[in-house]
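The values are calculated or read from the model by the stated rules, or taken from the named source; none is laboratory data. Remember, predicted model here, so these are calculated numbers, not experimental data. Positions of Cβ are backbone-derived with ideal geometry, glycine not excepted, and every protein chain shown enters the neighbour counts.
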Amino acid sequence: MAKLSRLKRKLKQTNVKPNSQWKIILFSSVRAMIMTMVVLLLLTFLITYSSLPEKTIPIVTVLTSLVFVLMASRRSAKRIGKQGWLNGGLTGLSYMLLMAVFGSIFVSVSPFALLIGYWPLLLTGILGGIWGV
């Protein structure tokens, strides 16, 4: 009986309209971006009020971004239920674009230069999408 209910849920998930696919992907990316900002804000407090060296900032930033893109792409691919590599990759790509836009606002660097450094986010998104389906 449990297998039947799981199968019904799986069939229900795969009938996602293309319009709502984009909503799921963008919502997952924005959610990952907000969670990344919260963790980085906590990191700034930790560095300010402890003896943690500032050398750890780039490492923690990259790892935090990769973890949250992996989680977001897994979640979006699981909710959509098909083509996990594509939907996960689109989640990673939308996160990359959001990071490039916000990064170019706060740092005087071209958004295209920022995009070159963010390609691991796309690959992580594809892996998370494969994992999610």
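Residues that are assigned to a helix (DSSP H, G or I) and touching a Lys or Arg at 6+ places or on another chain (Cβ under 9 Å) were ranked within region 72-86; the one that is nearest to Pro120 (Cα to Cα) is Ala72.
Scanning region 30-61 for residues that are in contact (Cβ under 8 Å) with a residue 24 or more places away in the chain and out of contact with any Leu (no Cβ under 8 Å at 6 or more places or on another chain) returns Arg31, Ala32, Met35, Thr36, Val39, Leu40.
Between Thr61, Thr36, Thr91, the distinction of being surrounded by fewer than 19 Cβ atoms within 10 Å (Cβ to Cβ), out of contact with any strand residue (DSSP E or B) (no Cβ under 7 Å at 6 or more places or on another chain) and at pLDDT 85 or above belongs to Thr61 only.
Report yes if Thr44 is of a type outside the set (Asp, Glu) and surrounded by fewer than 21 Cβ atoms within 10 Å (Cβ to Cβ), otherwise no. Steps first, please.
Numbers: of a type outside the set (Asp, Glu): yes; surrounded by fewer than 21 Cβ atoms within 10 Å (Cβ to Cβ): yes.
Yes.
The test for being in contact with a Ser or Thr (Cβ under 6 Å, 6 or more places away or on another chain), β-branched (Val, Ile, Thr), under 23 Å from Leu43 (Cβ atoms) and in a helix (DSSP H, G or I) holds for Val69. Considering (1) part of a helix (DSSP H, G or I); (2) modelled with pLDDT under 90, the lone condition that Glu54 does not fulfil carries the number (1).
Applying the condition of being under 14 Å from the mean Cα position of the chain (by Cα) and of a type in the set (S, T, N, Q) to region 62-103 and asking which residue is farthest from Gly129 (Cα to Cα) yields Thr64.
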